Amino acid sequence: QVQLVESGGGLVQPGGSLRLSCAASGSIFKISTMGWYRQAPGKQRELVATITIGGVTNSADSVKGRFTISRDNAKNTMYLQMNSLKPEDTAIYYCNARLWDGVSWGQGTQVTVSS
């Protein structure tokens, strides 16, 4: 079992920044790629960004140039630095880890971008 706990969400004005963290615990040796997903009200969950154990990243076009995913393997923690936030970034953000034998999800953290 792998447990994922997100933190760092909150309310921010348009143009502001937030940094999300995802701490992993348990059978972390099973983790390969990790990622951030988000789900806005009335919409399907969508990919935000992913990062492999070797540090190769991929991100959605909608966040390129604004969001940066990173990973500290020594601390078993993944981050999402979000800059130039827009109201359309408002969503619950979920941490995801791909395992040898399945997938783990965090409980989610709310990000609200509003003036």
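Kindly check whether there is at least one residue in the stretch 17-32 that is among the aliphatic types (A, V, I, L, M), out of contact with any helix residue (DSSP H, G or I) (no Cβ under 7 Å at 6 or more places or on another chain), exposed (fewer than 13 other Cβ atoms within 10 Å of the Cβ) and at pLDDT below 95.
There is no residue in the stretch 17-32 that is among the aliphatic types (A, V, I, L, M), out of contact with any helix residue (DSSP H, G or I) (no Cβ under 7 Å at 6 or more places or on another chain), exposed (fewer than 13 other Cβ atoms within 10 Å of the Cβ) and at pLDDT below 95.
Hey, can you tell me all the residues within the stretch 1-16 that are closer than 13 Å to residue 104 by Cβ, open to solvent by 30 Å² or more (accessible area, probe 1.4 Å) and either assigned to a loop (DSSP other than H, G, I, E, B) or among the hydrophobic types (A, V, I, L, M, F, W, C) (or both)?
1, 5
So for the stretch 84-107 (the condition being assigned to a strand (DSSP E or B), over 15 Å from the mean Cα position of the chain (by Cα), free of Cβ contacts under 8 Å to residues at least 40 places away in the same chain and loosely packed, with under 11 Cβ neighbours inside 10 Å), does at least one residue qualify?
Taking every residue of the stretch 84-107 in turn, at least one turns out to be assigned to a strand (DSSP E or B), over 15 Å from the mean Cα position of the chain (by Cα), free of Cβ contacts under 8 Å to residues at least 40 places away in the same chain and loosely packed, with under 11 Cβ neighbours inside 10 Å.
Would you point out the residue of the stretch 33-45, among those that are assigned to a strand (DSSP E or B) and open to solvent by 20 Å² or more (accessible area, probe 1.4 Å), that is farthest from residue 94 (Cα to Cα)?
33
Check the stretch 46-67 and report whether any residue there is part of a helix (DSSP H, G or I), open to solvent by less than 40 Å² (accessible area, probe 1.4 Å), closer than 24 Å to residue 11 by Cβ and at pLDDT 95 or above.
The answer is no, given that none of the residues of the stretch 46-67 is part of a helix (DSSP H, G or I), open to solvent by less than 40 Å² (accessible area, probe 1.4 Å), closer than 24 Å to residue 11 by Cβ and at pLDDT 95 or above.
Does any residue of the stretch 72-80 turn out to be assigned to a loop (DSSP other than H, G, I, E, B) and surrounded by 13 or more Cβ atoms within 10 Å (Cβ to Cβ)?
There is at least one residue in the stretch 72-80 that is assigned to a loop (DSSP other than H, G, I, E, B) and surrounded by 13 or more Cβ atoms within 10 Å (Cβ to Cβ).
The values are calculated or read from the model by the stated rules, or taken from the named source; none is laboratory data. Here the structure is a predicted model, which is why all the values come from computation and not from measurement. Heads up, the Cβs are rebuilt from the backbone with ideal geometry, glycines too, and the neighbour counts pull from every protein chain shown. Ligands, DNA and RNA are excluded from the accessible area calculation, which covers all protein heavy atoms including side chains. Shrake-Rupley method; radii C 1.70, N 1.55, O 1.52, S 1.80 Å.
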